[in-house]
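Enquirer: Here it is: the structure, laid out below.
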Amino acid sequence: MPSDDIKLIVGDRLVVLATIEGLQAVERGTIKPGHCLVRVEKTISAEATFEGAAIISRVTGCDMHLARTLMNQLPATLQHPLYLHQAHRLVQELSKSQISAHIEC
């Protein structure tokens, strides 16, 4: 599976494994919103705090101001509901920058 950051080009294929009900929910636009929150506990440096805000904004799509405010008020919970796979990716990316975080579902 390619990284979430890689842009697909014409000719690439994507195989989706889903139920008929799930595909119909996508067509109707009735997908349930994400329900997982990410709690950020601590960072090791000011540089990690700055990098963490950029990661949160990039992975979740939330406003950079919101991400910076969160990182400056640790420990704190990001009040931006995510799907479980998004929350896992965010925690993984934050841990690469030595930022302690966990998922609350």
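The values are calculated or read from the model by the stated rules, or taken from the named source; none is laboratory data. Not measured: the values here are computed from a predicted model. Counting neighbours? That spans all protein chains shown, and the Cβs are built from the backbone with ideal geometry, glycine included. Ligands, DNA and RNA are stripped out before the accessible areas are found, and what is left, the full protein with its side chains, is counted by its heavy atoms. Shrake-Rupley method; radii C 1.70, N 1.55, O 1.52, S 1.80 Å.
Enquirer: Filter region 11-34 down to the residues that are at negative phi, over 12 Å from the mean Cα position of the chain (by Cα) and assigned to a loop (DSSP other than H, G, I, E, B) and list them by number.
Expert: Asp12, Arg13, Leu14, Val15, Val16, Leu17, Ala18, Thr19, Thr30, Ile31, Lys32, Pro33, listed by residue number.
Enquirer: Just for region 1-30: of the residues that are surrounded by 11 or more Cβ atoms within 10 Å (Cβ to Cβ) and of a type outside the set (Gly, Ala, Ser), which one is modelled with the lowest pLDDT?
Expert: Going through the qualifying residues, I end up with Asp4.
Enquirer: Next up: Could you look through region 44-71, keep only residues that are β-branched (Val, Ile, Thr) and within 9 Å of the chain's Cα centre (by Cα), and pick out the one that is surrounded by the most Cβ atoms within 10 Å (Cβ to Cβ)?
Expert: In this case the residue turns out to be Ile56.
Enquirer: Here's a follow-up. Checking His85 against (1) assigned to a helix (DSSP H, G or I); (2) open to solvent by less than 50 Å² (accessible area, probe 1.4 Å), which test does it fail?
Expert: The single condition His85 does not satisfy is (2).
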